[in-house]
Each structure stands twice: as structure tokens, then as C-alpha cells.
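Down below is the structure, laid out as C-alpha cells.
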Amino acid sequence: MENRNLEFTIRRGILDNAPRKLILNPEYLKFENNDSITNLNTTFHKDEISEFRFGMKWISLEVTFGREYFIYIKNKENNVLKINFRTYFGNKKTEYQNLYREIIINLEKLYFGDIIDKYLKMFAENENFQIGEVKFSKENILMKVKGTEKVISWDKVRFKEYYTYLAIYSSENPESINRGFYYLEDWNTLVLHSVLKSILKHKEL
């Protein structure tokens, strides 16, 4: 039988340099994140996976001397799997950037692509749904801006893409009706981005 596993080796950093195996399979993901001999792995089956977020932070004291990559995956029971690794003084910087990128690409491909398709199907069938703190309907989106819910009709919905966040705003009043959703801090910002981009493209906006 063809091996459909994608395997990655994670070394968290200087204080935890043990090689930990991450397996991405079309039916599940498994990460060797535990230190117990009797229970090394955490496993999420595909149909359990609900949200993820990811990003990078600089490691600094008086000067910046490294970076740490973070990936968080949540299941429907609100259990969170954390994957993180560090690079110091530029050591293996390109290798770790590529590792981070490949994991994100394959998480979207194997698990979150179907979730994105589910939301797009719901929109096509005029069903209301919510991604994070953004509510979708046939006529508009609704999101909180500084604690107040704002409604933006589809012909006024706009967004801008940045490296660390997605900005959504109203073309009618962009100064006061706008909000940033951060890939590291806000769950499923990548899903939100993909769904919003597909809907606006379909509407030729």
C-alpha cells in the first residue's frame, strides 16, 4: 500500500533538542509532543480538526538573536496541539523557514481545504455561518470593531493582505470600519481569508 504519510522532524530548541516526529496523513495528524514513555504522541483525526493559527516571533533581549515558529491546531473538543521550534543566530534559518512553510501548506491542503469548501458551499446555499468573529450571510458580513458590531454589505467589503495579518474594512468608511485578524493570534484567519477572497472573486469585487 502506498505510504501517504508526510513526515517532519521537529527540534524545539537548545533546551529541548530531541527529534520529535510530526506525521501528516490524509486521515489524521500525529505529533510526538509528549515525554511519557507510555504515551509519546498526540493524534487528531481529520474529522476532529476544527481550527488552527500560526506565526513567528523574534527572540530578543537587548538585541534580536533568534526566531521562534508557532503552529497551534485545535480539535472540536477544544484540545490544542502546539508545535514550536526555534532557530538562533541565523543557524539553519532557511531550513526552518522551509519547514514551517511546508507544514502550513500541507495543513491547509490535507485538513482545512475541506473546511473552506464547506463554508463556500454553505454560502452558495444561502446559509449563515461564522468564521472566528466574522459572521457571513447572503447580504453582508458582520464583525466587531472596538467592541461594536458593524455590518458591511458585500458590495462594500474589502480586504488587504499582509504578512502577519488580514485587514477587513468597508470601502465606504475605511477609517472607522476596519479590523485586523492576525494569523498567530486569531483562530482560522487563513480559512477566513480564503473564504472571503473566494466570495469576493465570485462576486467580481
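Scanning region 26-40 for residues that are free of Cβ contacts under 8 Å to residues at least 24 places away in the same chain and surrounded by 15 or more Cβ atoms within 10 Å (Cβ to Cβ) returns Y28, K30, E32. Highlighted here are the strands (runs of 3 or more DSSP E) found entirely within region 148-197 that include at least 1 residues which are open to solvent by 70 Å² or more (accessible area, probe 1.4 Å): 148-153, 157-161, 178-182. One residue stands out among those in region 127-147 that are assigned to a loop (DSSP other than H, G, I, E, B) and within 24 Å of the chain's Cα centre (by Cα): the one that is nearest to L205 (Cα to Cα), which is S137. Every test in (1) out of contact with any helix residue (DSSP H, G or I) (no Cβ under 7 Å at 6 or more places or on another chain); (2) touching a residue at least 40 places away in the same chain (Cβ under 8 Å) is passed by K201 save one, and that test is (2).
Here's the yes/no breakdown for (1) touching a strand residue (DSSP E or B) at 6+ places or on another chain (Cβ under 6 Å); (2) surrounded by fewer than 18 Cβ atoms within 10 Å (Cβ to Cβ); (3) under 23 Å from V191 (Cα atoms); (4) small (G, A, S):
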{"residue": "Y88", "(1), (2), (3), (4)": "yes, yes, no, no"}
{"residue": "K93", "(1), (2), (3), (4)": "yes, yes, no, no"}
{"residue": "L99", "(1), (2), (3), (4)": "no, no, yes, no"}
{"residue": "E108", "(1), (2), (3), (4)": "no, yes, yes, no"}
{"residue": "D114", "(1), (2), (3), (4)": "no, yes, yes, no"}
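The values are calculated or read from the model by the stated rules, or taken from the named source; none is laboratory data. Keep in mind it's a predicted model, so treat the numbers as computed, not measured. Neighbour counts run over all protein chains shown; Cβ positions are idealised from the backbone, glycine included. These accessible areas exclude ligands, DNA and RNA; they are computed on the full protein's heavy atoms, side chains included. Shrake-Rupley method; radii C 1.70, N 1.55, O 1.52, S 1.80 Å.
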